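J.: Let me give you the structure first, and then I'll get to my questions.
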Amino acid sequence: MPIQLFRIDDRLIHGQVVIGWVNHLHSKEIILCDDSVWENEWEKELYLSVIPETIKARVLNTDHMVDLLLTDYDLSRTIIVANSPFTIESLIERKIPISEINIGGIHFKEGRNKYLPYLYLSEEEVSSFRRCYEAGVKFSCQDMPENKKIPLEKILNLN
Amino acid sequence: MSAKINCYLITHGDLGEYLIKISSNLVTNTVPIAFYSNKNLALEKIEEKISSEIASKKSYKHLVFVDLAGGSCWMLANRIKKNNDDVSVISGVNIPMLVSFQVNCCRMEWEDLLVKIVEDGKKGIDRR
């Protein structure tokens, strides 16, 4: 079940995803995996309203995402977006094999330290990334397709 | 124009700062525009600041300009607007829009002003 791009971005679906990555990868679908957006009809509509009609899009909660990832649904032209490593952890806990994740952006907020211009992490987030890494997930930081891919283990000294 | 107006501009990076600078070279600012960049502040902080400003000015109309429909600034502006009819969001901000806002904000009714700003913004896009 190869996924075209599994991205962590705390801004979820926005210009970098819809304009940058979709055009670069010629994606056909975007799935937003987020429990709180899934519960809120207004937020759901807002996120889906920004996606061009040519792209299929939907919001799933983590349970539904697990169900989908356990099927043989073709995700080879799909971008999945989640907002934090905690979502990834929760997928791993449910025995979903995830090999590679793109970190597109976790932005400045009080309590977070700067690692890259688009990557600020709290201690809890660093620990979560560490647990995912130890479970075998490879993370690479890359906000836009034309920018350099930076392995997270280099930044957080995960080795 | 009966309503008092508050105006905000939220953009990626420094774009908004320059738009305000350039438009204020063309026309005198009748209403100050409060600029917020997603570069300097967390989106939650911007939302908190603008929402508290809005809450403290109940008799005002509030206009939020943003650069890109669908971008994170636009998402944020829509969250601020949610359930508040006194807040309007205009995306795709350009210099003609800011000039139009300053020229017309004291002489037009609120709804007409919003229509005029969008029209003038579109007029500023030309192909020959």
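The values are calculated or read from the model by the stated rules, or taken from the named source; none is laboratory data. A quick note: this is a predicted structure, and the numbers were derived from the prediction, not measured. Cβ: placed from backbone, ideal geometry, glycine included. Neighbour counts: every protein chain shown. Note: accessible area is taken over every heavy atom of the protein model, side chains too, but ligands, DNA and RNA are not part of it. Shrake-Rupley method; radii C 1.70, N 1.55, O 1.52, S 1.80 Å.
J.: Filter the GluC sites (Glu not before Pro) in the range A:78-113 to those in DSSP coil with at most 16 other Cβ atoms within 10 Å of their Cβ, and list the result. Mind showing how you got there, number by number?
T.: Working: sites: A:Glu89, A:Glu93, A:Glu100, A:Glu110; in loops: A:Glu110.
Here the GluC sites (Glu not before Pro) that fit, given the DSSP loop and packing criteria, are A:Glu110.
J.: Further question: Report, as an integer, the average count of C-beta atoms from other chains found within 10 Å of each Cβ along B:70-79.
T.: Details: counts 12, 7, 10, 3, 4, 8, 1, 0, 5, 3.
Partner Cβ neighbours, averaged per residue: 5.
J.: First check a/c for the range A:36-79, with a ≥ b ≥ c the square roots of the eigenvalues of its C-alpha gyration tensor; if it is under 1.5, answer rounded, and if not, answer prolate when a/b is larger than b/c or oblate otherwise.
T.: Note, shape of the range A:36-79 comes out oblate.
J.: Residues of the range A:1-21 with accessible area at least 30 Å² lower in the all-protein-chain context than alone (1.4 Å probe)?
T.: A:Arg11, A:His14
J.: While we're here: Among the trypsin sites (Lys or Arg not before Pro) within the range B:1-79, which fall in a DSSP loop and have no more than 16 other Cβ atoms within 10 Å of their own Cβ? Walk me through the numbers on the way to the answer.
T.: Values: sites: B:Lys4, B:Lys21, B:Lys39, B:Lys45, B:Lys49, B:Lys57, B:Lys58, B:Lys61, B:Arg79; in loops: B:Lys39, B:Lys57, B:Lys58.
Within the range B:1-79, the qualifying trypsin sites (Lys or Arg not before Pro) (loop, at most 16 other Cβ atoms within 10 Å) are B:Lys39, B:Lys57, B:Lys58.
J.: Tally Lys and Arg at +1 and Asp and Glu at -1 over the other residues with C-beta under 11 Å from the C-beta of A:Ser36: what net charge comes out? Write out the running numbers ahead of the final one.
T.: Numbers: positive: A:Lys44; negative: A:Asp34, A:Asp35, A:Glu39, A:Glu43.
Its environment carries a net charge of -3.
J.: On a 32 Å Cα-Cα criterion, which of the cross-link pairs A:Lys44/B:Lys58; A:Lys148/B:Lys123; A:Lys149/B:Lys21; A:Lys149/B:Lys122; A:Lys149/B:Lys81; A:Lys114/B:Lys61 come out too long? Could the numbers behind the result be given before it?
T.: On the way: A:Lys44/B:Lys58 29 Å; A:Lys148/B:Lys123 39 Å; A:Lys149/B:Lys21 36 Å; A:Lys149/B:Lys122 38 Å; A:Lys149/B:Lys81 37 Å; A:Lys114/B:Lys61 37 Å.
Flagged as over cut-off: A:Lys148/B:Lys123; A:Lys149/B:Lys21; A:Lys149/B:Lys122; A:Lys149/B:Lys81; A:Lys114/B:Lys61.
J.: Also, I was wondering about something else. Considering only chain A, what is the antiparallel percent among its DSSP beta bridges, to the nearest 5? Each step should come with its number before you reach the end.
T.: Numbers: 5 of 26 bridges.
Counting only bridges with both partners in chain A, antiparallel ones make up about 20 percent.
J.: May I pose another question? Buried accessible area for the A:B pair, summed, 1.4 Å probe, in Å² rounded to 100?
T.: 1200
J.: For n ≥ 4 DSSP H runs only, could you compute -39500 (n - 2.57) per run for chain A, divide by its residues and tell me the 222 nm figure to the nearest 500?
T.: Values: 7 runs with 52 residues, N = 159.
Calculated mean residue ellipticity at 222 nm is -8500 deg cm²/dmol.
J.: Moving to a separate point now. Once you sort the root eigenvalues of the Cα gyration tensor of the range B:1-65 as a ≥ b ≥ c, which label holds: rounded (a/c under 1.5), prolate (a/b larger than b/c) or oblate (the other case)? Each step should come with its number before you reach the end.
T.: Details: a/c = 3.25, a/b = 1.05, b/c = 3.11.
Note, shape of the range B:1-65 comes out oblate.
J.: At 1.4 Å probe size, with the rest of the protein present, what percent of the exposed accessible area of the protein assembly as shown is carbon and sulfur atoms?
T.: On the way: 7190 of 14460 Å².
Carbon plus sulfur share of accessible area: 50 percent.
J.: Moving to a separate point now. For the protein assembly as shown, what is the accessible area per residue in Å² when the probe is 1.4 Å? Show your work: numbers first, answer last.
T.: Details: 14460 Å² over 287 residues.
On a per-residue basis, 50 Å².
J.: Taking the Cα centroid of the range A:97-159 and of the range B:103-126, what is the distance between the two, rounded to the nearest whole Å?
T.: Each part reduced to its Cα centre gives a spacing of 44 Å.
J.: Hey, how many Å between the Cα centroid of the range A:2-55 and the Cα centroid of the range B:22-64?
T.: The two parts, judged by their Cα centres, are 28 Å apart.
J.: Might you report the magnitude of the Cβ-based charge dipole of chain A about its Cα centre, with Lys and Arg at +1 and Asp and Glu at -1, to the nearest 20 debye?
T.: Values: 18 positive and 25 negative charges, 130 e Å.
Approximately 620 debye in magnitude.
J.: Among the residues of the range A:100-138, which ones have their accessible area go down by 10 Å² or more when all the protein chains sit together, as opposed to their chain alone (1.4 Å probe)?
T.: A:Phe108, A:Lys109, A:Glu110
J.: Could you pull out the longest piece of chain A with no exposed loop trypsin sites (Lys or Arg not before Pro) in it, calling a site exposed if DSSP puts it outside H, G, I, E, B and it has at most 10 other Cβ atoms within 10 Å?
T.: Numbers: sites that count: A:Lys95, A:Lys148, A:Lys149.
Between the exposed loop sites, the longest stretch runs A:1-94.
J.: Counting only DSSP beta bridges with both residues in the protein assembly as shown, tell me the antiparallel percent, nearest 5. Working shown, then result.
T.: Numbers: 5 of 43 bridges.
Within the protein assembly as shown, antiparallel bridges account for around 10 percent of the total.
J.: Right, another one. Running a GNM on chain B with Cα contacts under 10 Å, which residue among B:Val89, B:Val27, B:Val64 ends up with the highest mean-square fluctuation?
T.: B:Val27
J.: For A:Ser76 paired with A:Lys114, estimate the spin-label separation in nm (one decimal), with each label point 7 Å from Cα along the Cα-to-Cβ line.
T.: About 4.2 nm, to one decimal.
J.: Considering only chain B, what is the antiparallel percent among its DSSP beta bridges, to the nearest 5? Display every interim value, and only then the final one.
T.: Numbers: 0 of 17 bridges.
For chain B, the DSSP antiparallel bridge percentage is about 0.
J.: Which shape class applies to the range A:5-156: rounded if a/c is under 1.5, otherwise prolate when a/b exceeds b/c and oblate if not, where a ≥ b ≥ c are the square roots of the Cα gyration tensor eigenvalues? All intermediate terms of the calculation are to be shown ahead of the outcome.
T.: Details: a/c = 1.42, a/b = 1.25, b/c = 1.14.
Rounded, since a/c falls under 1.5.
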